[in-house]
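The values are calculated or read from the model by the stated rules, or taken from the named source; none is laboratory data. As the structure is a prediction and not an experimental result, all values here were calculated from the model. Backbone-built Cβ (ideal geometry, glycine too); neighbour counts: all protein chains shown. What goes into the accessible areas is simple: the full protein's heavy atoms, side chains included, and nothing from ligands, DNA or RNA. Shrake-Rupley method; radii C 1.70, N 1.55, O 1.52, S 1.80 Å.
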Amino acid sequence: MILILAILGGAICLFLIAILLAKRPFAAAEASLLFWLAAQGGAFASIAFSAGWPDFWPLIWLSLGQFLLFCLGPAQLIYARASLSRPLNVVPQMGVMAGVATVLALLPLTVQLETRSGAIIAQQAPVWLVLLPLMALLISAAWPIMVLRLARQARRKLKDRYSNLAEVDPGWMEVWAISSLIVILAALLAVPTSTLGIWPINVHVGALLGFQILQVAYVAHRGLTRPGIFLSPPASAPRPVVDAAAARADFEAVTLRLAESRLFLDPVLTAPRLSDEMGWAPERLTQAFRVGGETSFHDAVLRARLQEMEKLARDPANARVTTLALGLDAGFGSKSAMYEAFRRELNTSPAAWRRLFVHQ
């Protein structure tokens, strides 16, 4: 059973690697996804070798498989950063992986180990060795948590910038990260139950292989059904000619609607909601901002809120009102959102901006 699952998982990874290698352009995101698939496939192969040829250096194969499993987290994080145009920070990831490789290489020199049913077993293990897998799994959870955070932040920003997220939605990476956490949780539960001898070793290994295959299957499904992940993006059709005069008129109309309805005071205002208020299709709203106003929904709303803050700050009745309170009244949902708007639009801080009104 374990051998069959390992061969199945390795075959799926090999199939996806062959497809990904044909993708053009092949950039940093593709390289990190290729590394993730290779590490996942290598882990499957290591178990297959140890189960199929138990006399052929099984400890070496399984130690290599443990190292490759640890590499999945850094590879996933690098892929998320590359896809979202963030700094890759490859050096720290390489350092952590080198440290794990060193520990795994030195482990057989300090503890008597044996292999059984695709797992590494230590007889009469010291306490620190019992805690080592738990610590390694907890550390491994840091990478999918960071991917989850990155994807959610990117998704919030994209919702403000685009009326339709169909082609740019990074939400699938959230599910990918959650699936990694589920695999890690399953491995965490396997450690105490195997230590106490509740379930046989082959049950643990088979369950973990099943979870890993399901995760690879999800990545395969999303990557093959969404353009630009495994497959080369389709040639973009020429954009239809946009009537610049009509777009400018639409921009004036939506700007007037924002001023009159004061929708920007709602901190959770989104582009789809504004397009519904205008009775427009999402594409028309995007063209109104992009072509008619040479801006975006996000930037237009930020400027409207900053103008509202200026109006409130000039009112003598608000002389003792804090800058944060003014920002919340102007539609900013949080202190961090207000600071980001000031940095981006005015290249200053809210405190420095407020001092101008005090001096005046």
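Observations on the model:
- Considering residues of region 80-107 that are in contact (Cβ under 8 Å) with a residue 60 or more places away in the chain and not small (G, A, S) only, the residue surrounded by the most Cβ atoms within 10 Å (Cβ to Cβ): R81
- Only one entry in A351, A337 is open to solvent by 30 Å² or more (accessible area, probe 1.4 Å) and more than 18 Å from K157 (Cβ to Cβ), namely A351.
- Residues that are more than 33 Å from the chain's Cα centre (by Cα) and open to solvent by 60 Å² or more (accessible area, probe 1.4 Å) were ranked within region 260-281; the one that is nearest to Q307 (Cα to Cα) is R262.
- Per this entry, I213 is not counted among residues that are closer than 18 Å to E30 by Cβ, open to solvent by less than 50 Å² (accessible area, probe 1.4 Å) and aliphatic (A, V, I, L, M).
- Residue match in region 320-338 (condition: among the aromatic types (F, W, Y), modelled with pLDDT of 90 or more and part of a helix (DSSP H, G or I)): no
- Here region 322-334 is the region considered, the condition is being over 14 Å from L302 (Cβ atoms) and either open to solvent by less than 80 Å² (accessible area, probe 1.4 Å) or among the charged types (D, E, K, R) (or both), and the residue that is nearest to the chain's Cα centre (by Cα) is L324.
- Residues within region 156-187 that are touching a Pro at 6+ places or on another chain (Cβ under 6 Å) and either open to solvent by 50 Å² or more (accessible area, probe 1.4 Å) or modelled with pLDDT of 90 or more (or both), tallied: 4
- Taken as a whole, the condition of being over 27 Å from G171 (Cβ atoms), among the basic types (K, R) and assigned to a helix (DSSP H, G or I) does not apply to R284.
- Criterion (at pLDDT below 90, surrounded by 15 or more Cβ atoms within 10 Å (Cβ to Cβ) and either polar (S, T, N, Q) or more than 30 Å from F297 (Cα to Cα) (or both)) met by exactly one of A141, A190: A190
- Among the residues of region 316-337, the one identified as in contact (Cβ under 8 Å) with a residue 12 or more places away in the chain and among the charged types (D, E, K, R) is D329.
- Checked against (1) small (G, A, S); (2) open to solvent by 30 Å² or more (accessible area, probe 1.4 Å); (3) under 22 Å from V268 (Cα atoms), A319 meets all criteria but (3).
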